[in-house]
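Below is one structure, written out as structure tokens; comments come after it.
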Amino acid sequence: MATISGLMTKFEYWAMPHKDEKVMPFFEQHKSLFRNPKKLADVVASLNADSEYAAIFVPGGHGALIGLPESEDVAAALQWAIENDRFVISLCHGPAAFLALRHGDNPLNGYSICAFPDAADKQTPEIGYMPGHLTWYFGEELKKMGMNIINDDITGRVHKDRKVLTGDSPFAANALGKLAAQEMLAAYAG
């Protein structure tokens with residue numbers, strides 16, 4: 001577990017599956033990792049081809065729009081994962097982190113993903129979810145980078161393009177988790 005700042009991760013507890021008999025014990029067991037994450041720069045400094053990380057997971061939520069797209073450490077971590085044939089897994093607004101790769105040679109050019117649709121973000125003020133409109137939309141920016149967003153709605157859809165696994169919204173969380181587990185087991189345990 002790592003964050004850019006090394007500070008505690010934030011959760012949207014409204015979306016937490018409180019009644020899930022598998023998720024909640026796992027969360028309770030690993031809560032200290034979420035509360036005391038490593039600083040991403042320290043993790044990046046230690047990465048090499050033999051690092052034991054199987055994947056990078058970038059969670060969603062509107063918070064992913066702040067800091068991740070500009071982070072050199074996020075770019076370095078993603079670059080390491082792609083160059084070392086590791087999985088990159090992301091959900092909802094999490095693919096905004098891919099914007100960190102927009103400077104220089106973008107290794108995700110031509111990839112297809114699912115992500116939270118810009119059209120839905122444009123409606124969030126009207127439904128009271130956000131106090132105002134966003135000043136930019138990450139889907140538009142990802143398309144400028146040569147990425148293809150295959151969904152324009154929120155259905156819980158997931159997608160695999162090589163080792164990049166994505167989901168369109170919190171509704172895709174369970175399916176994305178299953179896809180990630182299936183793909184990583186096939187890659188590393190088979």
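The values are calculated or read from the model by the stated rules, or taken from the named source; none is laboratory data. Keep in mind it's a predicted model, so treat the numbers as computed, not measured. Here the Cβ is made from the backbone with ideal geometry for all residues, glycine too, and neighbour counts use every protein chain on show.
Key figures for this structure:
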read-out	value
Every residue from segment 49-77 that is over 21 Å from P170 (Cβ atoms) and in contact (Cβ under 8 Å) with a residue 24 or more places away in the chain	A49, S51, Y53, A54, E70, S71, E72, D73, V74, A75, A76, A77
Extreme residue, surrounded by the most Cβ atoms within 10 Å (Cβ to Cβ), among residues of segment 41-78 that are β-branched (V, I, T) and assigned to a helix (DSSP H, G or I)	V74
Check on K10, basic (K, R) and either in a helix (DSSP H, G or I) or more than 18 Å from the chain's Cα centre (by Cα) (or both)	no
Only one of K31, K19, K38 that is of a type outside the set (A, V, I, L, M, F, W, C), farther than 22 Å from F171 by Cα, free of Cβ contacts under 8 Å to residues at least 12 places away in the same chain and surrounded by fewer than 17 Cβ atoms within 10 Å (Cβ to Cβ)	K31
Residue match in segment 102-124 (condition: crowded, with 17+ Cβ neighbours inside 10 Å, touching a Pro at 6+ places or on another chain (Cβ under 6 Å) and under 24 Å from W80 (Cβ atoms))	yes
Elements of type strands (runs of 3 or more DSSP E) in segment 85-190, at least 1 residues being among the charged types (D, E, K, R)	158-161
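Per-residue answers, yes or no, for (1) within 24 Å of A2 (Cα to Cα); (2) among the aromatic types (F, W, Y); (3) modelled with pLDDT under 95:
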{"residue": "I89", "(1), (2), (3)": "yes, no, no"}
{"residue": "G94", "(1), (2), (3)": "yes, no, no"}
{"residue": "Y111", "(1), (2), (3)": "no, yes, no"}
{"residue": "D118", "(1), (2), (3)": "no, no, no"}
{"residue": "P131", "(1), (2), (3)": "no, no, yes"}
{"residue": "W136", "(1), (2), (3)": "no, yes, yes"}
{"residue": "K143", "(1), (2), (3)": "no, no, no"}
